[in-house]
Amino acid sequence: MAEEYSFPPYGEEVLKMLEKFGGTKMETYKGKDIRPLWDLKGGPILWSYKYLYSAPKLEKIAITVQSFKDKLMCYTTIIWPDDHHALPVFSAFWAESEKGSYFILDFYPTADTICDIPYMEKYLDPLEDLWLEGKKYYPVVSTRDPNWFRVMISPYYINADFHPSDKTHQDRLLKLVLDYLKVYHSLWEKDEPRDPAYMQYLIKRREAMRWNMKEKDPGGIMMEHAVGHELAELGLEALF
């Protein structure tokens, strides 16, 4: 008899991993009260939460879990470094349903890695073995990704776009997220502030990523229909 489908414990497992950063849960962000995002529902969204955490060396850690009619779950985790550290941007997104999954996982480099090979060696090469393991199962990159997104990703981008879903896929994808997070945490532990002159370009690139994600995120329109313009804008601001 086939095993009954259920959703993976993404939120519980990722939140446990995020505790390693010693973050503090934020109630405000850029002067705005973000507590309404802790329990947000409307339209097809039966329940959801978006939490932000502050931590040393980071601007913020954001995690979102959303249930769409208990038929589709959307999970997002993104970690933004502060202006003094050259860490990449950790990003994981996973839309999961019994019918299928769409999954992205990466460290978006804040440097131009062909011009700055030492950056790639320090911050991205530690992903090599994990990436090779992931690509054994998900070798094909989806054509869903727009061009502005494709120029942002690293050589260690993992993408999965398949149907249907099952526990084997769920366990494999969740393990990839947690393993990438472990690498990010190890980089974060050792990272030191960089020279302000070096950071100028990295900050510029990081802010360009942020602007494009905020302005072009396809989920923004869906959220606006579900919870209204004000809360949708607050959610995008908090995430990106």
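The values are calculated or read from the model by the stated rules, or taken from the named source; none is laboratory data. What you see is a predicted model; the values in this text were computed from it and never measured. Don't worry about glycine lacking a Cβ; one is built from the backbone with ideal geometry, like all the others, and counts go over all protein chains shown.
Quick notes
- Residue match in segment 85-108 (condition: hydroxyl-bearing (Ser, Thr, Tyr) and over 30 Å from Tyr5 (Cα atoms)): yes
- Residue that is surrounded by the most Cβ atoms within 10 Å (Cβ to Cβ), among those in segment 60-80 that are more than 13 Å from the chain's Cα centre (by Cα) and over 23 Å from Ser142 (Cβ atoms): Ser67
- Pairs where the first residue, in segment 153-167, is farther than 15 Å from Leu72 by Cβ and the second is acidic (Asp, Glu) and at pLDDT 95 or above, C-beta under 8 Å, 6+ apart: Ile153/Asp106; Ser154/Asp106; Tyr156/Asp106; Tyr156/Glu128; Tyr157/Asp106; Ile158/Asp106
- Of residues in segment 26-59 being under 19 Å from the mean Cα position of the chain (by Cα) and among the charged types (D, E, K, R), the one nearest to Val227 (Cα to Cα): Lys50
- Pick from segment 109-134, criterion surrounded by fewer than 14 Cβ atoms within 10 Å (Cβ to Cβ) and among the hydrophobic types (A, V, I, L, M, F, W, C), ranking: farthest from Val183 (Cα to Cα): Cys115
- Considering residues of segment 151-165 that are within 24 Å of Leu187 (Cβ to Cβ) and of a type outside the set (Phe, Trp, Tyr) only, the residue surrounded by the fewest Cβ atoms within 10 Å (Cβ to Cβ): Val151
- Qualifying residue in segment 155-176 (condition: farther than 20 Å from Met120 by Cα, touching a Lys or Arg at 6+ places or on another chain (Cβ under 7 Å) and not in a loop (DSSP other than H, G, I, E, B)): yes
- The set of residues in segment 188-207 being surrounded by 14 or more Cβ atoms within 10 Å (Cβ to Cβ) and under 17 Å from Thr113 (Cα atoms) consists of Arg194, Met199, Tyr201, Leu202, Ile203, Arg205, Arg206.
- The lone exception for Leu105 - which of (1) farther than 19 Å from Thr168 by Cβ; (2) at pLDDT 95 or above; (3) of a type in the set (A, V, I, L, M) it fails: (1)
- The residue pairs whose first member lies in segment 117-146 and is within 23 Å of Arg172 (Cα to Cα), whose second member is among the polar types (S, T, N, Q), and whose beta carbons are closer than 6 Å, counting only pairs six or more residues apart or on different chains, are Leu124/Ser154; Val141/Asn159; Ser142/Asn159.
- Single residue of segment 1-46 satisfying the filter (under 14 Å from Cys74 (Cα atoms) and of a type in the set (A, V, I, L, M)) that is surrounded by the fewest Cβ atoms within 10 Å (Cβ to Cβ): Leu46
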